Amino acid sequence: MALIKQGRVLQDRWQTAETATEALKPGAYFVSLELWQAERELLRGKTAIGITLPNDTDPEVLAPDLDRIAAVALRFPAFTDGRGFSQARTLREHLGFRGEIRAEGPLIPDQHQFLLRCGVDAVVVDDAADTGPWLAAARRYRSVYQPAADDRIPAYRGRHTAPQAIAS
Amino acid sequence: MYAYDAIDRELVETRVAEFREQVARRVSGELTEEQFRPLRLMNGLYLQLHAYMLRVAVPYGVLSSAQMRKLAHIARRYDRGYGHFTTRQNIQYNWPKLEETPDILAELAEVEMHAIQTSGNCIRNTTADQFAGAAADEVDDPRIWSEIIRQWSTFHPEFSFLPRKFKIAVTGAQKDRAAIKVHDIGIVIVRNDAGELGFQMWAGGGQGRTPMIAKLIRGFVAERDLLSYLEAMLRVYNRHGRRDNKYKARIKILVHELGADEYARQVEAEWARIREGVLSLPQAEIDRIRAAFDEPPFERFEGDSRAFHGKRFEDRGFQRWVRSNVKPHKKPGYAIANISLKPVGGIPGDATADQMDAVADFADRWSFGEVRVAHEQNLVLPHVRQDDLYGLWLALGAVDLDTPNIGLLGDIIACPGLDYCSLANARSIPLSQALSERFGDLDRLHDIGEISLNISGCINACGHHHVGNIGILGVDKKGEEFYQITLGGRADEDAAVGRIVGRAFDAHETVDAVETIVETYVAQRRDGERFIDTLERTGPAPFKEALYGAD
């Protein structure tokens with residue numbers, strides 16, 4: 001799979017671990033929430049751990065562990081299922097998570113900017129996918145009407161703030 | 001009226017360019033219909049029974065004369081010379097060509113209009129009282145708050161893929177003309193005991209197959225907290241609204257299943273985390289938007305116009321029109337003039353391009369260039385001098401827009417039904433036309449008095465049959481069209497869902513059944529009692545007996 005991150009298409013270095021064993025080689029692994037909760041101590045020794053969060057799960061369950069995990073993967077079962085957008089914002093804005101949040105599933109390029117605005121910073125796409133529309137969609141709209149997990153100034157504030165104040 | 005600044009313009013123009021690319025990819029075959037579907041739906045483009053349908057947003061039902069002329073131009077140039085005004089204060093074109101839709105959106109952008117979020121599972125066009133800024137019973141102008149909500153909800157990154165479509169309505173008056181209690185969120189502008197302006201927040205109203213009246217979620221939200229409270233309400237819904245069953249996905253089911261208290265508790269918990277943040281509205285922005293809706297330069301009059309009352313006395317036709325179509329204005333010497341789009345035997349809500357142009361001209365001449373769209377599928381000139389009403393009435397007559405039936409039985413709300421819609425079970429338009437003909441005698445119509453008659457061609461209830469005093473629902477019985485009648489629905493501040501009166505009728509019998517219901521009312525009514533008052537006093541028994549006989 002390929003990863004679209006920070007305006008570039010990268011090869012995904014992360015692997016998925018189905019079980020936690022002492023034999024797990026150092027590397028970056030995504031594990032299920034259940035596996036993490038069952039094998040926290042065993043998994044902590046690995047270099048980087050990411051957790052795959054089902055889209056009906058409250059991100060608050062990760063609150064005690066956020067300083068121990070490097071990434072969260074949000075599973076979108078369909079592009080029309082927008083729960084992941086709220087999960088991403090909760091992770092960023094309420095829980096202050098600074099690691100990678102990646103979106104997986106049958107998303108469409110036209111959602112890219114919304115994903116970025118909600119705090120998702122990487123999208124997993126098929127190796128064969130045409131990434132052109134994804135990259136174009138990420139930067140399409142220059143202004144925004146509402147605050148989100150990015151630092152963009154919503155129009156209702158920007159209109160009344162001097163430019164230097166926005167920068168500071 | 002609100003005028004776009006550079007930010008508003010850039011967003012709408014970017015959307016037009018984006019959609020032009022998407023249509024080009026569809027036309028070239030690069031996108032399949034399946035891939036194109038979500039994209040076109042974000043721009044109000046539906047695939048109907050016979051053709052595409054484009055739904056254009058009329059934010060909170062407010063149009064300038066220039067915008068109305070543009071709508072007329074689009075009807076003429078890109079469609080078949082007419083448009084259909086909807087119960088969500090929007091306008092629909094039934095015959096646009098796919099390749100031309102980007103041009104239509106570009107033309108709309110020229111007059112600061114768009115089709116953004118007029119379909120799809122997102123926050124739809126916010127609707128409001130069509131008498132905003134003109135009504136005497138107004139606490140504050142709902143257009144100000146609707147425009148603030150319009151901006152916040154446009155391209156909302158978190159709430160563009162909700163479990164289901166989401167509709168917000170705002171009223172600033174004591175009498176609810178915006179049907180806020182049958183919306184996903186209904187907002188009533190109020191003053192608290194300290195005299196501060198704020199909002200009563202209702203949620204979970206709706207129609208469709210499970211009609212529900214909204215519940216009060218919070219009695220007072222301060223001005224600056226409007227967006228943070230809305231965001232909390234939407235976030236709880238986005239996370240917990242049902243996605244397993246399309247028919248249970250609206251917020252009304254969530255509020256019902258959790259209970260209003262528990263939903264409110266979750267909203268409050270979310271709100272506590274966000275209310276002091278960037279979502280709190282700066283006073284400067286409230287002031288900026290409020291200034292956009294400043295009063296037009298009204299003339300000062302001491303009281304009612306004597307010439308106007310003289311004309312009412314002299315001309316019976318004018319008097320009849322005034323009685324039903326003219327409503328009191330907050331300023332002495334002014335009036336609100338309603339333009340019925342329900343001519344006898346006509347299609348509810350349809351207007352020709354020529355009629356739209358004429359209304360734009362009348363607005364320029366007599367109403368400071370302002371037009372409103374009412375959710376009852378009519379138009380409104382909000383600020384007409386009483387002295388000008390007679391001239392306006394004559395001018396309306398010349399373009400067949402003078403039907404004196406606002407609020408009366410001929411003022412039927414109907415969805416497009418099986419003539420256009422792929423969801424419908426039955427036709428709505430021919431039945432509405434037949435009923436309109438049956439009650440075509442205007443004297444009789446005025447004698448019957450205030451009554452709402454709503455027709456939906458299927459349980460999705462686009463014709464709002466649940467909240468019609470008389471509601472008619474098209475059902476399919478083994479391939480035949482039948483109609484089920486409900487009584488006692490209302491969409492006002494005492495909103496209620498109508499109750500089924502008995503077995504369904506075929507189209508022909510339905511017209512007779514409505515006649516029977518009306519005759520029963522006329523026989524039962526006491527002085528000055530409206531249909532709904534009589535029904536509430538007697539209960540449905542006399543009506544059932546008249547329709548089906550004693551059991």
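The values are calculated or read from the model by the stated rules, or taken from the named source; none is laboratory data. Everything numeric in this text was worked out from a predicted model, so none of it was measured. Neighbour counts run over all protein chains shown; Cβ positions are idealised from the backbone, glycine included. Note: accessible area is taken over every heavy atom of the protein model, side chains too, but ligands, DNA and RNA are not part of it. Shrake-Rupley method; radii C 1.70, N 1.55, O 1.52, S 1.80 Å.
Which distance in Å, rounded to a whole number, links the C-alpha centroids of region A:81-153 and region B:272-321?
The distance from the Cα centre of region A:81-153 to that of region B:272-321 comes to 42 Å.
Cross-link candidates for B:K330: which aspartates and glutamates have Cα within less than 13 Å, leaving aside residues fewer than 8 places away along the same chain?
Counting by Cα, and skipping residues close in sequence, B:K330 has these aspartates and glutamates nearby: B:D137, B:E138, B:D140, B:D141, B:E295, B:E299, B:E302, B:D304.
Which shape class, rounded, prolate or oblate, goes with chain B when its Cα gyration tensor gives a ≥ b ≥ c as root eigenvalues, a/c under 1.5 marks rounded, and past that a/b bigger than b/c marks prolate?
rounded
Normalised by the number of residues in region B:134-290, what is the relative contact order in percent for Cα pairs under 8 Å and 6+ residues apart?
Value for region B:134-290: 20 percent.
Compute the long axis of helix A:33-43 from its Cα atoms, compare it with the longest principal axis of the Cα atoms of chain A, and write down the angle in degrees, 0 to 90, nearest 10.
60
Leaving ligands, DNA and RNA out of it, rank B:K70, B:K331, B:K342, B:K477 by accessible area with a 1.4 Å probe, largest first.
Sorted descending by solvent-accessible area, the residues read B:K477, B:K331, B:K70, B:K342.
Mean Kyte-Doolittle of at least -1.0 and a Cα length of 15 Å or more along the axis: which whole DSSP H helices of chain B meet both?
What comes out of the filter, once short or polar helices are dropped, is B:6-27, B:65-78, B:142-153, B:226-240, B:260-274, B:353-366, B:507-524.
So which cysteines in chain B don't have a second cysteine's C-beta under 4.7 Å from them?
Taking the Cβ cut-off of 4.7 Å, the unpaired cysteines of chain B are B:C122, B:C421, B:C458.
Can you give the accessible area of B:S452 in Å² (nearest 10), computed on protein heavy atoms with a 1.4 Å probe?
Using a 1.4 Å probe on the heavy atoms, I get roughly 40 Å².
Given points 7 Å out from each Cα along the Cα-Cβ axis, report the B:A307 to B:R499 separation in nanometres with one decimal.
5.3
Which of B:Q386, B:A307, B:N90 sits farthest toward the positive end of the charge dipole of the protein assembly as shown, with +1 on the Cβ of Lys and Arg and -1 on the Cβ of Asp and Glu?
B:N90
Please get the size of the charge dipole for chain B, origin at its Cα centre, with Cβ charges of +1 on Lys and Arg and -1 on Asp and Glu, quoted in debye to the nearest 20.
Magnitude of the dipole: close to 1160 debye.
Which value, to two decimals, describes the C-alpha radius of gyration of chain A once divided by 2.2 N^0.38 Å?
Output field value: 1.11.
Counting residues in region B:439-523 as N, plug N into 2.2 N^0.38 Å and put the Cα Rg over that result.
Normalised by 2.2 N^0.38 Å, the Cα Rg of region B:439-523 equals 1.09.
For B:K246, which lysines qualify as cross-link partners when the Cα separation must be under 21 Å and same-chain residues fewer than eight apart are set aside?
Excluding near neighbours in sequence, the set is B:K165, B:K167.
Before anything else, pin down the relative contact order of region B:1-64: Cα pairs under 8 Å, at least 6 apart, normalised by residue count, whole percent.
Relative CO of region B:1-64 lands at 20 percent.
Rounded to the nearest 0.05, what FRET efficiency do B:R526 and B:E450 give with R0 = 22 Å and r taken as the Cβ-Cβ distance? Could you check?
Given R0 = 22 Å and the Cβ-Cβ separation, E is 0.90.
Output the antiparallel fraction of DSSP beta bridges having both residues in region B:413-548, as a percent to the nearest 5.
Antiparallel bridges make up about 70 percent of those DSSP assigns within region B:413-548.
Quick check: Cα centre of region A:9-53 to Cα centre of region B:458-508, how many Å?
With region A:9-53 and region B:458-508 each reduced to a Cα centre, they are spaced 57 Å.
Given a cut-off of under 8 Å on Cα pairs at least six residues apart, what relative contact order in percent is computed for region B:306-398?
Contact order relative to length: 30 percent.
So for chain B, taking the charge dipole from beta-carbon charges (+1 Lys/Arg, -1 Asp/Glu), which of B:F362, B:Q48, B:T520 sits furthest toward the positive end?
The Cα lying farthest towards the positive end belongs to B:Q48.
Let me check I have the definition right: for region B:81-150, take the eigenvalues of the Cα gyration tensor, multiply each by 5, take square roots. What are those semi-axes in whole Å, largest first?
Sorted largest first and rounded, they come to 27, 14, 12 Å.
To check my understanding: the extent here is largest minus smallest coordinate of the Cα atoms along each principal axis. What are those three numbers for region B:381-522, in Å, largest first?
Sorted largest first, the three principal extents are 56, 33, 29 Å.
Rounded to the nearest 100 Å², what is the buried accessible area between A and B, both sides summed, probe 1.4 Å?
Its buried surface, counting both partners, is about 3700 Å².
P(r) for the protein assembly as shown: what percent of alpha-carbon pairs falls in each 20 Å bin, starting at zero?
Pairs per bin, as whole percents: 17, 48, 28, 7, 1.
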